[in-house]
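J.: First the structure, which I've put down as structure tokens, then a few questions once you've had a look.
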Amino acid sequence: MYKLLKDDKGARRGEFVTNRGTVQTPAFMNVATAGAIKGAVSAEDLKTLGCQVMLSNTYHLHVRPGDDVIKKCGGLHTFSTWDGPILTDSGGFQVFSLASLRHIDEEGVTFHSHVDGRKIFMGPEESMQIQSNLGSTIAMAFDECVENPAEYGYAKDSCKRTTRWLVRCKDKIKELNSLETTINKEQMLFGINQGCTYNDLRIEHMKEIADLDLDGYAIGGLAVGEETDVMYDVIEHVTPVMPKGKIRYLMGVGTPVNILNAVQRGIDLFDCVMPSRNARHGHLFTSKGIININNNKYEYDMTPIDENCGCPVCARYSKAYIRHLLKSSEMLSQRLLVMHNLWFYNHLMEDIRKAIDEDRFLEFKKEKEEIYGKRI
RNA sequence: GUGGAUGUAGCUUAGUUGGUUAAAGCGCCGGUUUGUGGCACCGGAGACCGUGGGUUCGAGUCCCAUCUUCCACC
């Protein structure tokens, strides 16, 4: 259940209540695709880093180890030891990212496993069954994520199909939640808005799915090839027709600047691989801008990644040492780098919440977006 | 001392019967990364081919000398 606490010129401050605890929004979900944050960051670490929600992936966990394994091991919470809310992505994004390995029809999608090549069929019912087996707190609807730019006709047909799939998802999850053997009988379902870059399709689709009265609504299919301004424009057109009393999730976005702009347009929830993936490649977010710790200029730099950062990495380690670890391919480098960036994102969200609480979000945004987009 | 091998980018090597700006991997430098098929990907700098002569229109490639390193034999 979502409670809107405050609206600061469009930016929303809220609480999202789940059976695994209450999420303060706006929030950033930390991506643990295969049930773990890449870079040797543990569930314990996530608590330290200020993570509120962990995100995992249906497709990946189905392929390996298998959702049956996870169910028999007590569900993803028990399995991973993360006891906070878990959102599972439905596999819809893999319809996009594994495009060369799949075939789509009305029933669903046939993938060739990226692990061993075997055929995997996933439709709305299969995705819901897997997510139910995982026992996540929030299940995402099985949708089709289309690459931009897309033809209007294709975007429209895809949208319609995503709606039909959503109805099937809703029916299936209701059935699964009523079963005695189900791990989380209160599993929630979020619907996903599609429509590529066509605002009329976006609005029409959003209205359609709003009628289904789901636990939350996501905007999907953005940051998949279109210009940033186009993405902002789509968000601006869709949020006014999203239910005010439901949580709003912008899937897969984004940079700190993207997040500031989306919050301003009324988004509550985010996830992105950027802080973790970029960290592993040495690209770090700091209070003064973006740095690449691979750069030669840090060879002798004994200062922390960010002098204004309260993270456990900045409390102890220098840029020179971390750079050395990264250059030497030491595993520790990945851990330290990812921990720093996740802390940055989680605390960016905390700062955003505070700014909204204090009615100064716009000033906060204006000040920060200049700095956070800058490379130093 | 004699005979044989070796010498090409910071490192390890490829360079065809001599033929335009000498190639690759690693390393180095810079960049990319948006519901993770990513210890990935893209780009760049860097070598007067041990040195000195010679043959030739033309030499990393052939010849001579010299030096380096290695091996074998005395």
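Just so it is clear, none of the values below were taken in a lab; they were calculated from the coordinates. Predicted, not measured: the structure shown is a model, and the values here were computed from it. Glycine also receives a Cβ, built like all others from the backbone with ideal geometry; neighbour counts cover every protein chain displayed.
J.: What's the exposure ranking of A:LYS185, A:LYS71, A:LYS319, A:LYS297, going from fewest to most Cβ atoms within 10 Å?
T.: By the 10 Å Cβ count, ascending: A:LYS297, A:LYS185, A:LYS71, A:LYS319.
J.: Distance in nm between label sites at A:GLU15 and A:LEU101, each 7 Å beyond Cα in the beta-carbon direction?
T.: 4.2 nm
J.: If one takes the longest principal axis of the Cα atoms in chain A, at what angle in degrees, from 0 to 90 and to the nearest 10, does the Cα axis of helix A:152-177 lie?
T.: Once rounded, the angle reads 80 degrees.
J.: Straight-line reach from A:LYS365: which lysines have a Cα under 27 Å away, not including same-chain ones fewer than 8 places off?
T.: List returned: A:LYS3, A:LYS6, A:LYS9, A:LYS47, A:LYS244, A:LYS246, A:LYS288, A:LYS354, A:LYS374.
J.: Which one, A:LEU189, A:PRO149, A:VAL167, is farthest towards the positive end of the dipole of segment A:134-196 when Lys and Arg carry +1 and Asp and Glu -1 on their Cβ?
T.: About the Cα centre, the residue reaching furthest to the positive side is A:VAL167.
J.: Once both axes come from the Cα atoms, what is the angle between helix A:124-134 and the longest principal axis of chain A, in degrees from 0 to 90, rounded to 10?
T.: 50 degrees
J.: Pull up the cross-link candidates among the aspartates and glutamates for A:LYS327, meaning alpha carbon to alpha carbon under 20 Å and not fewer than 8 places away within one chain.
T.: Filter leaves A:GLU299, A:ASP301, A:ASP306.
J.: How do A:TYR2, A:TYR345, A:TYR152 line up, fewest other C-beta atoms within 10 Å first?
T.: A:TYR152, A:TYR2, A:TYR345
J.: So how strong a dipole does chain A carry about its Cα centre when Lys and Arg Cβ are +1 and Asp and Glu Cβ are -1, to the nearest 20 debye?
T.: Dipole about the Cα centre, nearest 20: 840 debye.
J.: Once you place label points 7 Å from the Cα toward the Cβ at A:ALA40 and A:TYR321, how far apart are they in nm?
T.: 1.4 nm
J.: Here's another thing I want to ask about it. For segment A:121-176 and segment A:229-294, what is the separation of their Cα centres, given in Å?
T.: Going from one Cα centre to the other spans 23 Å.
J.: Still on this structure, please answer the following. Between A:ILE352, A:MET331, A:LEU362, whose Cα lies farthest towards the positive end of the dipole of segment A:323-376 when Lys and Arg beta carbons carry +1 and Asp and Glu beta carbons carry -1, centred on the Cα centre?
T.: Positive-most Cα among the choices belongs to A:MET331.
J.: Now, a different point. Assuming R0 = 35 Å, what is the FRET efficiency of A:LYS207 and A:ILE376, from their Cβ-Cβ distance, to the nearest 0.05?
T.: Efficiency, rounded to the nearest 0.05: 0.20.
J.: Cut-off under 18 Å on the C-alpha distance; same-chain residues fewer than 8 positions from A:LYS174 excluded. Which lysines are left, in chain and number order?
T.: A:LYS185
J.: Can I ask one more? Which order do the peptides A:187-198, A:153-164 take when ranked by the mean count of other beta-carbon atoms within 10 Å per residue, highest first?
T.: Averaged packing, sorted descending, gives the order A:187-198, A:153-164.
J.: Of A:CYS51, A:CYS169, how do they rank once you tally other Cβ atoms within 10 Å and put the fewest first?
T.: A:CYS51, A:CYS169
J.: Just from its helices, what would the mean residue ellipticity at 222 nm be for chain A, if runs of 4 or more DSSP H residues each count -39500 (n - 2.57) and the sum is divided by every residue, rounded to the nearest 500 deg cm²/dmol?
T.: -12500 deg cm²/dmol
J.: At what distance in nm do the modelled label points of A:THR303 and A:MET1 sit from each other, each positioned 7 Å from its Cα along Cα→Cβ?
T.: 4.9 nm
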